[in-house]
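Below is one structure, written out as structure tokens; the observations come after it.
The values are calculated or read from the model by the stated rules, or taken from the named source; none is laboratory data. Everything quoted here is computed from the prediction, not taken from an experiment. Note: ideal-geometry Cβ built from the backbone for every residue, glycine included; neighbour counts use all protein chains shown.
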Amino acid sequence: MPIDVTNLTYIYFKKTPFQADALKGVNFHIDDNDFVAFIGATGSGKSTIIQHLNGLLTPSDGTVKVDEFLLTNNKKKNKNIGKLRKHVGVVFQFPEYQLFEETVEEDVAFGPKNFNISKEEALIKAHKALLDVGLNESYFLRSPFELSGGEKRRVAIAGILALEPDILVLDEPTAGLDNEGRDVIMSLFEKIHLEQHKTIILVSHDMDLVNKYAKKVFVVDDGKIVAYGKPKDIFLSYLGHGDLEIPQIYAFCRLLKEKGIDLDVNKIENIDDLIDQIDERIQIKNG
Amino acid sequence: MDSISFGRYVNYDSFIHRLDARNKILLLIALMIMIFMPFSTWSTSLIFSLLYFIILMILMGVSHCSFKSFFKGILSMWFLLLFLIIMFIFIPNPSLSSVPLYTFNESYTIYWDGIYQAAYIFLRLILMMSLTLILTSTTKPLDLTYALEWYMYPLNIINFPSHTIAMMISIALRFIPTILDEAKRIMKAQESRGVDFSRGGLFKKVKAIISLIIPLFVSAFDRSQQLSDAMEARGYDPNSKRSRYRKLKFHLKDLISALIILPIVAFIMYLSIAQNDLDIIYTLFKVEVGF
Ligand SMILES: Nc1ncnc2c1ncn2[C@@H]1O[C@H](COP(=O)(O)OP(=O)(O)O)[C@@H](O)[C@H]1O
Ligand SMILES: [Mg+2]
């Protein structure tokens, strides 16, 4: 399902003393089966953008088009939002706060049941989603409240995966996790992307993860998209000035350059490329 | 969202905003008593209420209250108004001065007084609402609790924990917006899982509300635990004496406003209690004509 957003504008608390212009004319296109990331400072508008993708927010102006679903500022015309939510699954920041059922499997089955799927079928989908996120049968009947933070988050993500959405939207899915939990979750999304051909839309502050997993990056600043492209191109264009945090490998290259070791950054996309180039230099030096 | 902003503190810099919170609470109570003072006939009471209404609307304008959310709040009470009218119209009204309005089958009579009475009670409700609205939208919640604590201070003699209670109120007030934000967030998360909070049968509605309430409670308990840990870590002790960052100050304008409002309230109470309001109003009127 391709996504087309044109001139999207959003104002919180319109026409009140608390009015805040969060989005000021955002345009972008996301292909089917793509893996994209939105990056930018806190308060730049990333969460506001993604809440439009499944109709949680209604545009103040402009349009959001997901496949044949069209959202405009005319609330009455935005039909089928319920259906849209089955196709676009949004996992919010700290999703563990949405758990409420007595057992893990019931909590995960809650979503499918809301879309009029029978209880048995919903449980089957729930079990599959739980196995997908790496929680085995021993977890199914436990209370979600007695799990660890990382496990709770995986249950919450399974709750969205059980809806079998075509597009998976993740708002800072790794916030507050330790290194290991981060890698587990991110490789889970990559697996879903590669095996089930779902579109993944990631919002993240962690530039290393963005560089490693995303195919395209949108840079959001002050309610607008200011740059767009492949992660490497984006990060290299921001290498000179400090507006944007950059992945450690590029920061490392920058430090090396200051010490007089000028690597060919255009050929570096991941840590292996970096190691290869350094290796090359050492061999040249050793004769 | 509009219902949330009703009565919320709005940061303007008006005369009423600058009054001392203690003074505002005192005047609020005085004015509430005044509003509830009845006069000898319904018509006088109604006229006085209309007068209060005009004055309060002016005060609301002065203090930048949102008229739109105020009238929306009133409109949402239409059911109450209907109920009052029906109730007062059909209650038998044996008062001698009652003027009949309509008689059914020569046996049951509706009196004008019933309608006056319903209108008067509804008007009083609106007056109370606008008074509290003026207080809460011009006074920072924290200042309000400090003022309450100040009024509760004498109760310390009988070991009443006035500081603890004020602290509890101010923490509760502090967390209302946070918990509302949290509720919005959880609602969005559950809506993403297909919950529809606005439609559905009773069973679905109950399930939807459970999916909101339980996570809300879990996070509120988490938060209160964290807060109490953090307060203890910074040496908070409810029994020790504490200094204040912001102090309440009684200014000249507080004195002036109290000196204007309190005598008026006293005068109206006198009129009402002595039940000779009409005489006095006539006398005043005559004096004016005489000039
Ligand atoms: N619920 C809200 N009410 C009012 N303003 C909001 C709300 N959510 C976000 N904003 C404002 O909108 C802007 C964008 O916020 P957000 O989309 O959350 O940014 P990000 O996710 O990039 O940190 C910010 O200025 C923020 O203050
Ligand atoms: Mg955000």
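Structural remarks
- Enumeration of residues in segment B:186-205 that are within 12 Å of chain A (Cβ to nearest Cβ), surrounded by 14 or more Cβ atoms within 10 Å (Cβ to Cβ) and not acidic (Asp, Glu): B:Ile186, B:Met187, B:Lys188, B:Ala189, B:Gln190, B:Ser192, B:Arg193, B:Gly194, B:Val195, B:Phe197, B:Gly200, B:Lys204
- Pair list, Cβ < 7 Å and 6+ apart or interchain, from segment A:45-67 residues that are within 14 Å of chain B (Cβ to nearest Cβ) and under 10 Å from A:Ala22 (Cβ atoms) to residues that are assigned to a helix (DSSP H, G or I) and near ligand 2 (Cβ under 10 Å from one of its atoms): A:Leu57/A:Thr48; A:Leu57/A:Gln51
- Test result for A:Ile11, within 14 Å of ligand 1 (Cβ to nearest atom), β-branched (Val, Ile, Thr), assigned to a helix (DSSP H, G or I) and touching a strand residue (DSSP E or B) at 6+ places or on another chain (Cβ under 6 Å): no
- Failed criterion for B:Leu173 (all others in (1) part of a loop (DSSP other than H, G, I, E, B); (2) surrounded by 15 or more Cβ atoms within 10 Å (Cβ to Cβ); (3) away from chain A (no Cβ under 11 Å) hold): (1)
- With respect to the conditions (1) near ligand 1 (Cβ under 10 Å from one of its atoms); (2) under 17 Å from B:Gly194 (Cα atoms); (3) surrounded by fewer than 16 Cβ atoms within 10 Å (Cβ to Cβ); (4) not aromatic (Phe, Trp, Tyr), A:Gln19 lacks only one, and its number is (2).
- Meets criteria (within 26 Å of the chain's Cα centre (by Cα) and in contact (Cβ under 8 Å) with a residue 60 or more places away in the chain) for A:Gly223: yes
Yes/no matrix, rows are residues, columns are (1) assigned to a loop (DSSP other than H, G, I, E, B); (2) within 16 Å of ligand 2 (Cβ to nearest atom):
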site: A:Thr6; (1), (2): no, no
site: A:Thr16; (1), (2): yes, no
site: A:His29; (1), (2): no, no
site: A:Thr42; (1), (2): yes, yes
site: A:Leu57; (1), (2): yes, yes
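- Within segment B:8-22, residues that are farther than 16 Å from B:Leu148 by Cβ sit with their Cβ atoms under 8 Å from residues that are of a type in the set (A, V, I, L, M, F, W, C), at 6+ positions apart or across chains, in these pairs: B:Val10/B:Cys65; B:Ser14/B:Val62; B:Phe15/B:Val62; B:Ile16/B:Leu59; B:Ile16/B:Val62; B:Ile16/B:Ile134.
- Inspection of segment A:183-199 finds no residue satisfying the criterion of being within 16 Å of ligand 1 (Cβ to nearest atom) and not β-branched (Val, Ile, Thr).
So that you can scan it fast, the table gives a plain yes or no per residue for (1) more than 13 Å from ligand 1 (Cβ to nearest atom); (2) buried (at least 18 other Cβ atoms within 10 Å of the Cβ):
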| residue | (1), (2) |
| --- | --- |
| A:Ala41 | no, no |
| A:Leu53 | no, yes |
| A:Leu57 | no, yes |
| A:Lys65 | yes, no |
| A:Glu68 | yes, no |
| A:Leu71 | yes, yes |
| A:Asn74 | yes, no |
| A:Lys77 | yes, no |
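- Boolean, A:Asn27 is farther than 13 Å from A:Val220 by Cα and either out of contact with any helix residue (DSSP H, G or I) (no Cβ under 7 Å at 6 or more places or on another chain) or crowded, with 19+ Cβ neighbours inside 10 Å (or both): no
- Some residue of segment A:81-95 being within 16 Å of ligand 1 (Cβ to nearest atom), in the same structural domain as A:Ile192 (by TED's automatic domain parsing) and over 15 Å from the mean Cα position of the chain (by Cα): no
- Matching entry among B:Ala183, B:Ala208, B:Ala166 (being crowded, with 19+ Cβ neighbours inside 10 Å, within 12 Å of chain A (Cβ to nearest Cβ) and assigned to a helix (DSSP H, G or I)): B:Ala208
- Condition met for A:Asn114 (within 30 Å of A:Thr58 (Cβ to Cβ), in the same structural domain as A:Asp206 (by TED's automatic domain parsing), crowded, with 21+ Cβ neighbours inside 10 Å and of a type outside the set (Val, Ile, Thr)): yes
- Look at segment A:182-208: where a residue is under 15 Å from A:Gln93 (Cα atoms) and a partner is within 16 Å of ligand 1 (Cβ to nearest atom) and assigned to a helix (DSSP H, G or I), sitting 6+ places away or on another chain with Cβ atoms under 6 Å, you get A:Val203/A:Lys46; A:Ser204/A:Val210.
- Hits in segment A:226-253 - residues which are more than 22 Å from A:Gly45 (Cα to Cα) and touching a residue at least 12 places away in the same chain (Cβ under 8 Å): A:Lys232, A:Leu236, A:Leu239, A:Gln248, A:Ile249, A:Tyr250, A:Phe252, A:Cys253
- Filter result (closer than 17 Å to B:Tyr270 by Cα, in contact with a Phe, Trp or Tyr (Cβ under 7 Å, 6 or more places away or on another chain) and aliphatic (A, V, I, L, M)) within segment B:18-57: B:Ile35
- Across segment A:87-98, the number of residues qualifying as at the interface with another protein chain (Cβ under 7 Å from one of its Cβ atoms) and surrounded by fewer than 22 Cβ atoms within 10 Å (Cβ to Cβ) comes to 1.
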